[in-house]
Amino acid sequence: MSTHYARGVDGRARRERLAHSRLYLILEARPHGEDPRPLLTAALRGGVDVVQLREKELGVEALLDSAEKFRAVCEEHGALFVLNDRPGLVAECGADGVHVGRSDMPAARARSLVGPERLIGLSASTLDELEEVGGADYVGVTAFATPTKEDAVPGGLELLGAAAETLTVPWFAIGGIELSNVAEVVGAGAPGIAVVRAIRDADDPEAAARALRTSLDRKQ
């Protein structure tokens with residue numbers, strides 16, 4: 001199960017929880033066109049530590065409405081809630097942080113918008129990008145190809161190994177990760193994983209999350 005902490009508003013509490021996080025779930029506002037709360041609840045019961053709401057096209061009001069659902073469930077389960085690509089709305093959404101892509105904006109600009117108390121995540125798909133993560137609280141390192149983010153360039157197990165040697169902040173392997181390859185991903189050095197389909201599309205999301213978490217903890 002997830003490690004639970006009292007929900008705090010200070011950066012230290014958030015970073016402490018982040019340091020203990022191993023399973024990160026990324027979801028759209030309405031997975032399979034449905035209310036996200038049952039899926040979120042199941043995933044968090046299964047051991048998810050961090051949830052990201054990824055919706056680049058929603059208008060502000062619709063995003064705020066969705067974010068409130070995500071935030072409430074995450075708060076209930078002691079999980080971190082991260083907003084994708086909208087740093088200017090992080091405070092209004094009550095999010096713990098924001099994840100920004102390389103093409104979205106520099107980490108320094110995101111930091112100026114969210115302030116020092118909230119988390120910033122960056123993506124890395126190449127060796128050069130691993131060297132350019134200054135200002136990030138965590139990094140998502142692309143492992144394999146995935147249809148949920150077709151523009152991402154997979155770095156494979158070699159990039160994960162380089163990340164293990166290079167990064168000094170928490171990081172998660174992302175892209176094409178499922179139960180069948182968690183062992184090799186963790187074996188390459190990944191301390192945590194980020195998934196979409198492995199939980200979202202499972203017949204039993206709670207069981208899927210628990211199986212992923214068990215595999216991660218077994219390699220700890």
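The values are calculated or read from the model by the stated rules, or taken from the named source; none is laboratory data. These figures come from a predicted structure and were not determined experimentally. All Cβ positions, glycine included, derive from the backbone under ideal geometry; neighbour counts span all protein chains shown. Ligands, DNA and RNA are excluded from the accessible area calculation, which covers all protein heavy atoms including side chains. Shrake-Rupley method; radii C 1.70, N 1.55, O 1.52, S 1.80 Å.
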For the stretch 1-102, just the Cα atoms, rotate onto the principal axes and tell me the three extents in Å, largest first.
-> 32, 27, 24
Give me the distance in nm between label points sitting 7 Å out from Cα along the Cα-to-Cβ direction at residue 68 and residue 128, one decimal.
-> 4.4 nm
Rg (one decimal) and Dmax (whole number) from the Cα set of the stretch 7-47, in Å, equal 12.9, 36
If a/c stays under 1.5 just call it rounded; otherwise compare a/b with b/c (prolate if a/b is bigger, oblate if not). Do that for the chain, with a ≥ b ≥ c from the square roots of the Cα gyration tensor eigenvalues.
-> rounded
Which residues qualify? For residue 52, with a placed amide H closer than 5 Å and at least 5 residues away or on another chain, they are 25, 26, 27, 82
Largest fluctuation, 20, 77, 99 only, Gaussian network model of the chain with Cα springs under 10 angstrom, belongs to 20
As a Kirkwood estimate from alpha-carbon pairs, the stretch 77-131 has a hydrodynamic radius in angstrom of 11.6 Å
In the Gaussian network model of the chain, springs joining C-alpha atoms below 10 Å, which of 203, 85, 49 carries the largest mean-square fluctuation?
-> 203
Take every Cα pair under 8 Å in the stretch 100-170 that's 6+ residues apart, average their separations, divide by the length, and report that relative contact order as a whole percent.
-> 27 percent
Using a 1.4 angstrom probe on heavy atoms only, work out the carbon and sulfur share of the accessible area of the stretch 103-217 in %.
-> 50 percent
Could you give the C-alpha radius of gyration of the stretch 127-220 expressed as a fraction of 2.2 N^0.38 Å, taking N as the number of residues it contains?
-> 1.05
Where the chain is the region considered: accessible area per residue in Å², 1.4 Å probe = 44 Å²
Please give the direction-averaged projected area of the C-alpha convex hull for the stretch 118-182, in square nanometres with one decimal.
-> 4.6 nm²
